[in-house]
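Take a look at the structure set out below.
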Amino acid sequence: MTIVGFLLNPVAGMGGAVGLAGTDGQVAEAIRRGAAPHAHDRAVQALSLLRNDDIAWYTCAAPMGENAIASAKIDRFTVLYRPGVPTAAADTKAACRAFLDAGVDLVVFCGGDGTARDVFDAVGREVPVLGIPAGVKMYSAVFAVNPAAAADLIRQAGRIGCRDSEVMDVDEEAYRSGRLAARLYGYACVPYIPERTQGGKQVFEQLDEERAKDDIAAFITEIMLPETLYIIGAGSTTARIMEWLGLSPTLLGIDVVRNGEVVARDVDEQTLLALLDEYPRAKIVVSPIGAQGFVLGRGNQQISPGVLRKVGLRNLIVVATPGKLAATPLLYVDSGDVTLDREVGDSLLIVSGYRMAQRKRVLHPE
C-alpha cells in the first residue's frame with residue numbers, strides 16, 4: 001500500500017482569471033475582483049480517479065485537504081494537521097513535516113509555484129513530491145500536466161522512477177509589473193513519466209529567435225481583419241505583434257485590440273466576456289509557454305473556457321518561433337474544462353514565421 005500525504009492551497013490560482021498574474025499577497029484583491037477558488041475542483045478531478053486504489057491518505061483539515069478527499073469519495077484517510085484561519089505558508093510547511101513524521105511515501109499538493117516552494121522548504125529531498133496544477137504560472141517542473149496525469153503518477157508512484165525537477169522562485173511583484181524575475185530555488189524529487197510530468201519554462205532570446213518573432217508579427221498584423229476583436233495573450237512573441245501595430249504590450253498580461261487600436265489593457269476574464277458581448281467577431285492569439293508546451297491554462301487563465309467558447313476554437317491562433325517549437329516536443333491544453341480541451345483536437349497549426357506554419361501534436365493525458 002502506498003501512503004500519500006495530501007494538502008491543498010485553497011486560494012491557489014485565484015488571481016489568474018481576474019488578471020492579477022498571481023495570488024501571493026493578493027487574495028483580498030482577487031476576492032474583491034470576484035475571483036472564485038478553483039484549487040478544490042482541480043484536486044477533486046485528480047483524487048476521484050484514485051478512489052478505488054490501494055492508497056492510504058494523510059491530509060489536513062478543511063479547507064486544506066479533507067474536504068477535497070471527501071468530495072472525491074475516498075474513505076481511507078486520516079487528518080494529521082489542522083490549519084489556522086486563514087491558511088498560510090506556515091500551515092503548508094507544518095503539514096508537510098507532519099506527513100514526514102507519519103512516514104509517507106509521497107507528498108502531493110494542489111497549488112502553484114508558491115505552494116511548491118513551501119512544500120520543498122519542508123520536504124526537501126526526503127520523499128518525492130508531486131503538484132496537481134492549480135496556480136497561475138507554474139514555472140516549476142514539479143507539476144503533472146493536468147489532474148488526470150497527476151492521478152496516473154500518484155497511482156504508479158514507487159513503481160516508476162523519479163527525476164530531479166526544478167522548483168522556481170518567481171517574484172510575483174515583478175511579474176505583475178511585466179517583468180519575469182525567477183531563480184532556481186532547488187531540485188525536488190518528482191515521479192516522472194514522459195508526457196505526464198511538465199517541464200520547466202525556458203526563455204529563448206537568441207538573435208534568430210528575435211528575427212523569427214518579427215517575421216511572425218509581420219504576418220499576423222498583415223492578416224488582421226477589420227472590425228474584429230483580437231485578444232492578444234501573454235509572452236514575448238505576442239508582445240512583438242503589439243509592437244508591430246505601434247502599441248505598447250502588457251508582456252505578462254492579456255491585451256485587446258481592434259482596428260489597430262487598444263480596446264483594453266491587462267484584462268481579466270469578466271472584461272473579456274463583456275467585450276465579446278459588444279464585439280462578437282473575435283480571434284485569440286496565444287503562444288505556448290517555452291518548452292512546457294502549454295497553449296492554455298498556464299499564465300493566461302483570463303482566456304477561460306467561457307471566453308474560448310464565445311470566440312470559438314476555430315478562431316484560436318497559436319504562434320511560436322521555430323526555436324521554441326524545436327524545444328517543445330508536445331503541446332498541452334489545460335483550460336479547466338476537460339470537454340473543451342478535447343475539442344481542441346490532436347494537433348494544432350502553429351504560425352512560426354512569415355507565411356510559415358508547423359503542425360504540432362497536442363497530447364491529452366487521461
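The values are calculated or read from the model by the stated rules, or taken from the named source; none is laboratory data. Note that the coordinates shown come from a computational prediction; the quantities given were computed from them, not determined experimentally. Counting neighbours? That spans all protein chains shown, and the Cβs are built from the backbone with ideal geometry, glycine included. The accessibility values were calculated without ligands, DNA or RNA, using every heavy atom of the protein model including side chains. Shrake-Rupley method; radii C 1.70, N 1.55, O 1.52, S 1.80 Å.
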(request) Work out, step by step, the length gained on full extension between LEU247 and ASP53: first 0.36 nm times the residue separation, then minus their alpha carbon distance; give nm to one decimal. (result) 64.5 nm
(message) Apply the Karplus curve 6.51 cos²θ - 1.76 cosθ + 1.60, θ = phi - 60°, to the phi angles in the range 324-336 and return the couplings in whole Hz, x for Gly and Pro.
(response) 5, 5, 5, 8, 10, x, 9, 10, 9, 10, 9, 6, x
(message) For the range 284-366, which trypsin sites (Lys or Arg not before Pro) pass both filters: DSSP loop (anything but H, G, I, E, B) and at most 12 other C-beta atoms within 10 Å?
(response) ARG355
(request) For the chain, find the longest principal axis of its Cα atoms and tell me its angle to the long axis of helix 89-101, 0 to 90°, nearest 10. (result) 40 degrees
(message) Just to confirm, what accessible area per residue do you get for the range 220-355 at 1.4 Å probe, in whole Å²?
(response) 38 Å²
(message) Through the Karplus equation 6.51 cos²θ - 1.76 cosθ + 1.60, θ set to phi - 60°, convert the phi angles of the range 308-320 into ³J(HN,Hα) values in whole Hz; use x for Gly and Pro.
(response) 4, 5, 5, 6, x, 4, 5, 9, 8, 10, 10, 10, 6
(request) Could you state the angle between the C-alpha long axis of helix 269-278 and the longest principal axis of the C-alpha atoms of the chain, as a value from 0 to 90 degrees rounded to the nearest 10? (result) 30 degrees
(request) Looking at the chain, send over the antiparallel percent of its DSSP beta bridges, to the nearest 5. (result) 40 percent
(message) 5 Å is the cut-off here: which amide hydrogens, built 1.01 Å from N in the peptide plane, fall below it relative to GLY186, excluding neighbours closer than 5 in sequence?
(response) VAL167
(message) Around ASP41, under 15 Å between beta carbons, what's the net of Lys plus Arg minus Asp minus Glu among the other residues?
(response) -1
(request) Round to the nearest 10 and report in Å² the accessible area of THR197, as given by a 1.4 Å probe over the protein chains' heavy atoms. (result) 10 Å²
(message) Taking 51 Å as R0, compute the FRET efficiency from the Cβ-Cβ separation of ALA70 and LEU349 and round it to 0.05.
(response) 0.70
(message) List the residues, sorted by chain then number, that are 5 or more residues from ILE350 or on another chain and whose placed amide H is less than 5 Å from its amide H.
(response) GLN358, ARG359, LYS360
(request) Mind listing the long-range amide H neighbours of CYS110? Cut-off is under 5 Å, sequence gap 5 or more, other chains count too, H placed in the peptide plane at 1.01 Å from N. (result) LEU7, LEU8, ASN9, ILE132
(request) Before anything else, pin down the relative contact order of the chain: Cα pairs under 8 Å, at least 6 apart, normalised by residue count, whole percent. (result) 15 percent
